[in-house]
Amino acid sequence: MRDEFPFAVARVTRRWRKLLDERLKDLGVTQARWSTMVNLEQGGEGLTQRELANLMAIENPTLVRLLDSLEEQNLVERRACPRDRRARRLHLTENGRDFMNELSARADQLREEMLEGISDEDIEMALGVFHRIMENARKQQLK
């Protein structure tokens, strides 16, 4: 059972993302783009590109391409950093905030469908397991 666990987690993650991607298709935004916006929103607007890249665990050049496309769609904007003229801070535009509201509504609906029939206690237990796994992973990184 232990050897099946990581593959089951990966399958659930892929399926969840695929279903959400399908539900967002009409908005013209790919998974990479919407996940960038989710990370920006969760990380707090005003992050630098480097901070967002670290948060997303991707390389800066990859993020630059994603941000360029989001900027072309008028979903994010880069603003000058008052403390560092070389840095740019990332912010959602009004269109970006509208998009995030729509994404949240669709994601909430999908979440409820995917978790149908699962008790809050079971979800709490699963989250406890995932938090413990992440703590173990952090310990491994420190070695």
So, of the residues in the stretch 29-66 that are aliphatic (A, V, I, L, M) and in contact (Cβ under 8 Å) with a residue 60 or more places away in the chain, which turns out to be farthest from Ala80 (Cα to Cα)?
Val29
Would you confirm whether any residue within the stretch 5-17 is under 30 Å from Glu113 (Cα atoms), modelled with pLDDT under 95 and polar (S, T, N, Q)?
yes
When residues of the stretch 56-71 are filtered for being at pLDDT below 90 and in contact with a strand residue (DSSP E or B) (Cβ under 7 Å, 6 or more places away or on another chain), how many remain?
0
Read through the list (1) under 18 Å from Glu94 (Cα atoms); (2) surrounded by 15 or more Cβ atoms within 10 Å (Cβ to Cβ), then give the number of the only condition that Asn74 fails.
(2)
Hey, any hits in the stretch 84-91 for a residue that's out of contact with any helix residue (DSSP H, G or I) (no Cβ under 6 Å at 6 or more places or on another chain), without any contact (Cβ under 8 Å) to a residue 12 or more places away in the chain, exposed (fewer than 15 other Cβ atoms within 10 Å of the Cβ) and part of a helix (DSSP H, G or I)?
no
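The values are calculated or read from the model by the stated rules, or taken from the named source; none is laboratory data. This structure is a prediction, so every number in the text was calculated from the model and none was measured. Using ideal geometry, Cβ is built from the backbone for each residue, glycine included, and neighbour counts are taken over all protein chains shown.
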